[in-house]
1. So how many residues does region A:636-668 have that are surrounded by fewer than 17 Cβ atoms within 10 Å (Cβ to Cβ) and within 13 Å of A:Ala715 (Cα to Cα)?
2. Which is at pLDDT 75 or above, buried (at least 16 other Cβ atoms within 10 Å of the Cβ) and within 14 Å of chain B (Cβ to nearest Cβ), of A:Asp90, A:Asp41?
3. Just the residues that are in contact with a Leu (Cβ under 8 Å, 6 or more places away or on another chain) and over 25 Å from A:Asp561 (Cα atoms), please, taken from region A:609-637.
4. Does region B:40-54 contain at least one residue that is within 13 Å of chain A (Cβ to nearest Cβ), over 25 Å from B:Glu143 (Cα atoms) and either within 14 Å of the chain's Cα centre (by Cα) or open to solvent by less than 10 Å² (accessible area, probe 1.4 Å) (or both)?
5. Which condition from (1) touching a Leu at 6+ places or on another chain (Cβ under 9 Å); (2) more than 9 Å from chain A (Cβ to nearest Cβ); (3) at pLDDT below 85 is the one that B:Gly180 breaks?
6. Considering each of A:Asp414, A:Asp403 in turn, give the residue that is of a type in the set (D, E, K, R), in a helix (DSSP H, G or I), under 25 Å from A:Asn311 (Cα atoms) and modelled with pLDDT of 85 or more.
7. Quick check on this structure: which one of A:Pro246, A:Pro229 is touching a Ser or Thr at 6+ places or on another chain (Cβ under 9 Å) and in contact (Cβ under 8 Å) with a residue 12 or more places away in the chain?
8. Of the numbered conditions (1) touching a helix residue (DSSP H, G or I) at 6+ places or on another chain (Cβ under 9 Å); (2) open to solvent by less than 50 Å² (accessible area, probe 1.4 Å), A:Leu294 fails exactly one; give the number of that condition.
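The values are calculated or read from the model by the stated rules, or taken from the named source; none is laboratory data. Quick caveat, the model's predicted, so the values are computed rather than measured. FYI the Cβ positions are ideal-geometry reconstructions off the backbone, even for glycines, and counts take in every protein chain you see. These area figures cover heavy atoms from the full protein model, side chains too; ligands, DNA and RNA do not enter into them. Shrake-Rupley method; radii C 1.70, N 1.55, O 1.52, S 1.80 Å.
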Amino acid sequence: MLLLQKVLKITLKKLEQNKQVLNWRFDVNTFRLLGRELITDRITAVFELVKNCYDANSTNVLVEFQNVSEANAESRIIISDNGIGMSFEDIRDKWMVVGTNNKRVNLFSDAPFNRKFVGEKGIGRFAVDKLGERLLIRTKQLGTDKWLKVNINWDEYEAKSDVSKSTKQLSLFTEVDNNYEWESNASKTEQGTQIIISKVSETWAEKDLEWLYRELSKLVSPFYPVKPPFDIHLKSNEFDAYKNKPVKPEPIKYYSHHAEIGFNAETNKQETLRFDKMLGKIVIEEIEAKSFGLIKMKMFYFNESAKRHYNKIYKNDDTRIDGIKIYRDGVIATPFAENAVKTEKRRDILGIDKRRWRGTFDKVGTREIIGILDITQANNPQIIDATNRQDFLNTKEYNDLKDFIIEQIDVWGDVKMYERESKRSDVEKKLQKAGKEVKNFATAIAKIENDLLKEKPELKGVFDIINNQIDELNTVISESISEQKKFQIEVTRKENIYLSLMSLQDYASNISHAIRTSLGKIKRMAEFFKINFPNPKQDVLFKLYAVLIYDEMTTLLKVTDFMLSYASSDIDFEDFSVKEMIEDLLLNTYEQTFKSEKIKTVVEIKDDFVVNANKKFFEDIFQNLIANSIKALQKTKDKTIKCTGYLDENNFTLYFSDNGVGVNAGDENWIFGLYNTRTAEQGGAGIGLYIVEKRIEALKGSVELVENELKPTGATFKIKLPFNKQ
Amino acid sequence: MNTPTKIVVIHDGLILKNDPLLVELKTKFGEEEVLHYENSNQGLEYVLGHLNQKMIVLLDVNFSKGELSGVQVFKDIRQKTALVYVILITADEFCKIKNEDLIFLINHDAFALESVTSDYTKIVSLVESASHKLDARVDAVLEEWITKQSKEKREKPYLKTKDAKTYTLDNILESIRQQGEIGKQMERNILKLAVDLLTRQKTKLDD
């Protein structure tokens, strides 16, 4: 007892003296997983390492590739800088520790550089891990006389974690020892860090270097000089184009429009863009400075034909047109200092694309515009990195900046709309003009005919031919005009469909979840057989598992059928009337089934609603609801299925009801989950309502269980399908 | 003799009662010690209601609508105690888990993250390893010792400092569970003391 009290006393005293003690425990697998997420590809990996060089006050960085074009024992990636270097403690306490970015104490590097840190803390190890298996760090700080060399061997970590698997013990990452040594006799004036990666994991082709070059060129603003400089060179002993190539921002080419705004510091005025419809072009206006301070921005817009041209030149590589980037004092600012190779992985921090999904297609998205926004520490001190460094701090100033950016982008939306309208009306106008001219021509001919026929009646036949031709011409032109209008409607509709297709990706991931759950069950049962069979004591389980495996396989087949429905050719969209489809289904297709089950149907669809969608998807929804109702109605006397629907301003609403056993209270949401069923004895697999919900979600609609319309028992589903108003 | 560890399985993708994973866990840890909840809200309620027990939680990530997500359950558990080992088992691709959640899992000591398609023997061995660690962890041992004390003893001031702050055993227990500074430093000191005592041979283990 006394001893414990003593320990507590010492504890409290120690706490006073030492407030910061690090204590790490973690699972290697989870660590690796996080690494894979943070560093999605090797371009990002190099990019992150170069950012670290910037943070270390380097003025020169050399990224060197040696013998990387094919698998090679001599392959190396070497990143050398002339920055401040690391001490032994830096490596131990910073480089080797998992950071969560919120522990960084300083936001700026040492004077005279005062650089705003751009590297994400604790990401270096992940980056190196992505690039190769062995790492040698050579580093030296100014004033010391030795280079510190640390060897870190990822393959050994890997080996250790494998061993730990076989001994069923989790090893801790930090348990691996790393060798280090000092390389003496160095000049005290030398400083810098070299990251030497060997056993390079993947081969690098010239194309990969080209890509890396392009990404590195974005690190520094093309329009704002960095002082002191930050020069990057790319070097390869295999590709001539990269013998020793300085990395320079790529000139932006092939855009259709461009505009630039600046400010007047003396009058404290900010420039802003406005689209002048009368003039048909963008004008620059001056406004009072905004809360976030004065900024400069250059924007390059690619209209449809410019994009086509661009795609042709760059072979459909649309990672080049990449939206608005923010540079602070000439260097790309977090959170934009990330390079996600997959465009869809990029975070849409400014909300540029989100806006489009909600709204119309006249908005400009990140793939149509390149923007470079320059802010400075001096002018815009209120734009602050959030501690998690995933975004800027959510201050009023940042929100105002976001709004301002969106306003500027929306000006390009106006340009887009104007161009489209003028193109559209151009064709229409030309056709209408042609129509008018034909009419004028007809009037002129009629006059000539009138005058001439009096003198020369023998010419009547000639005039008849001309008149016929004029009539034909008139018809052709009228038809063209109406065709043109139809085409416009068609275009609008295609845009609507595009909107409702967005969630197909979610779909795929949902299905993979379903399949893995099923496979997991089957695999565990098979594993049980593998380990335990034969064993008379387990016979009950063997029998049970045999049945369950069979059932699970059947379920799995249903799920794959569901999945295949997306791959089949009838995924095409068509116009059909929801009213007709439901009536057809309930009154014709299921007529026989309902008769034999003695189910009465009531169908009251008040309004008609034509959608352009995949008919099969729609039928799936109702077929599953009907199948459920039939099961629920087994024990009901007077069986009824009722379907009603109406249209209001924004939605088509449907109620689907039966007077079966109903759903248990508390199960209202649960029933939509995959494999959730209360009718297992009747062959329910728990897939029906899951499909119903997913199909409806894909149409951006919603389905819920509401109070049962038919009494005393029963179930009513309310389905809401929104439509796009144009 | 150690008190038995409860294995709380909160997962809706397992075969009810008869899943080989559950069967194997029951064989290893005893029929009574393995509990299975398909509803995450109910599972969490059980865990939070039985903090005085040694527990290992096997946790799914996705649940039906209206139920807490696995990560949320994990967060809610961690708010109350750091002494329950949690092993997450998901049917999703790992990359579907958000980065911030992964960081939270790492920094709050999630024991492991496994796929639902992994061998169940692998998952069982993870549970065994967690159970072993639970028995050997200083904080867990300390927790066990404190919870064994009578209620009055736990509520009585146990120590007064010079600046007149008092600490009861319950205060200490809370700090251990929430991995507060006092709790963590206390663990370290006990380990140091134990090593010190053992090397100087002033005491023997006779417990």
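1. Adding up the residues that qualify gives 5.
2. Among A:Asp90, A:Asp41, only A:Asp41 is at pLDDT 75 or above, buried (at least 16 other Cβ atoms within 10 Å of the Cβ) and within 14 Å of chain B (Cβ to nearest Cβ).
3. A:Phe609
4. Filtering region B:40-54 for residues within 13 Å of chain A (Cβ to nearest Cβ) gives B:40-42.
Then drop every residue that is not over 25 Å from B:Glu143 (Cα atoms), which leaves B:40-41.
Checking the rest, the ones that are also either within 14 Å of the chain's Cα centre (by Cα) or open to solvent by less than 10 Å² (accessible area, probe 1.4 Å) (or both) come to B:40.
Yes; the residues of region B:40-54 include at least one that is within 13 Å of chain A (Cβ to nearest Cβ), over 25 Å from B:Glu143 (Cα atoms) and either within 14 Å of the chain's Cα centre (by Cα) or open to solvent by less than 10 Å² (accessible area, probe 1.4 Å) (or both).
5. (1)
6. A:Asp414
7. After applying the criteria, what remains is A:Pro229.
8. Unmet condition: (1).
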